[in-house]
1. Using each residue's phi in the range 38-52, evaluate 6.51 cos²θ - 1.76 cosθ + 1.60 at θ = phi - 60° and report the 3J(HN,Hα) Karplus result to the nearest Hz, with x for Gly and Pro.
2. At q = 0.23 Å⁻¹, what is the base-10 log of I(q)/I(0) for the range 196-285 according to the Debye formula with one equal point scatterer per Cα and no solvent? Please give it to two decimals.
3. Dividing the Cα convex hull volume of the range 1-125 by residue count, how many Å³ per residue is that?
4. Based on alpha-carbon positions alone, could you give the equivalent ellipsoid semi-axes of the range 100-154 from the gyration tensor, as √(5λ), descending, whole Å?
5. 5 Å is the cut-off here: which amide hydrogens, built 1.01 Å from N in the peptide plane, fall below it relative to ILE219, excluding neighbours closer than 5 in sequence?
6. For Cα Rg over 2.2 N^0.38 Å, the listed values are (1) 1.12; (2) 1.00; (3) 0.95; which was obtained by calculation from the structure presented?
7. Give me P(r) over the range 6-53, computed from all C-alpha to C-alpha distances, binned every 10 Å, as integer percentages.
8. Please compute the alpha carbon radius of gyration of the range 77-228, then divide it by the globular-protein estimate 2.2 N^0.38 Å. Two decimals is fine.
Amino acid sequence: MNKNLLGSAAFVALGAALAFVPLSGYQEGIVVLLCINCIAAMGVSLLTGFTGIFTLGHAAYMALGAYTAAIMTVRYGIHWLPAIVAGGIVAVFVAWLIGIPTLRLTGDYYAIASIGLGEAIRLILENWQSFTRGARGFPGIESYSTRPVSVVFFTVLGIFMFNLLDSRLGRELKASRDDRAAASLMGFHTPTSRMKALLLSAFYCGISGALLAGYMNFIQPSMFDMMKSTELTAVVVFGGLGSMSGTLLGSAIITSVMEYFRDISQYRMLIYGFLLVVIMVLRPEGLLGSREIWSFFMPASDGSGGARGRE
């Protein structure tokens, strides 16, 4: 409990720093984009890093969240806060429909299925012109994703995620990732826990997409293509599979590099690829591997609360 309280307090302190430290307009934009990317990365990390379900289609859930929030705020005049939450809920509902037939797949088969399903959702949004305006995009979205709003969502969802990973469900997901058969023998209902992970993952990506709509003020289906899904998964691998703080660190590095090199946009993807290659060569397990960042600053435990070392 003390560890959870300390972690929550650290997250609140980080959120306060991001929200109130004086920044220029450009730097504020980077903070907002960083919070949005971190929320989506946490969702993908839960499914890929902690449940062992490799996905390449989660940009579709961002698209669902973005279009839900955009349509609700622009066409129906609904306040942005329930619109953002609704974006996450719509993503959860679609993920549930998709998860029923696909979560029976394992390994590369689910990854392949996620590509097809992600592209199918994008194509539906692109061709449903009477409702989504198709490839022309959806303009006129309110600028509701301010720095305080984005930081609050990031802080609340981050605290929830880290406490979730330390809960019974978190232990179920890790056990299912390591050995599904052994997890089942231990009494864990792995199909249910995998579905919960997918739904929570979709919710995070839906919220991220809804915030992105309020930040960009304009969305179109091409923003949520397979490349975006690949970027989300690459960030998780970059930070370390099984490390949520590594995912956040990796997302912060990648977002900062991509934004600060925007002036040489033709080379940004080259720099992005170079970073991934370097980290995969020097740290094949990712920046933090499967450890959380605070474990590097805490003394190793022998399982007896340190009593053995005092004897």
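Throughout, read-outs are computed from the coordinates displayed, never taken from laboratory work. This structure is a prediction, so every number in the text was calculated from the model and none was measured. FYI the Cβ positions are ideal-geometry reconstructions off the backbone, even for glycines, and counts take in every protein chain you see.
1. Here the 3J(HN,Hα) series is 5, 4, 5, 5, 4, x, 5, 5, 4, 7, 8, x, 10, 10, x Hz.
2. Here the Debye-derived log intensity ratios amount to -1.39.
3. Values: hull volume 19.3 nm³, N = 125.
Value for the range 1-125: 155 Å³ per residue.
4. Details: eigenvalues 180, 92, 12 Å².
The equivalent ellipsoid of the range 100-154 has semi-axes of 30, 21, 8 Å.
5. PHE138
6. (2)
7. 23, 39, 30, 8, 0
8. Working: Rg = 17.5 Å, N = 152, 2.2 N^0.38 = 14.8 Å.
Dividing the Cα Rg of the range 77-228 by 2.2 N^0.38 Å gives 1.18.
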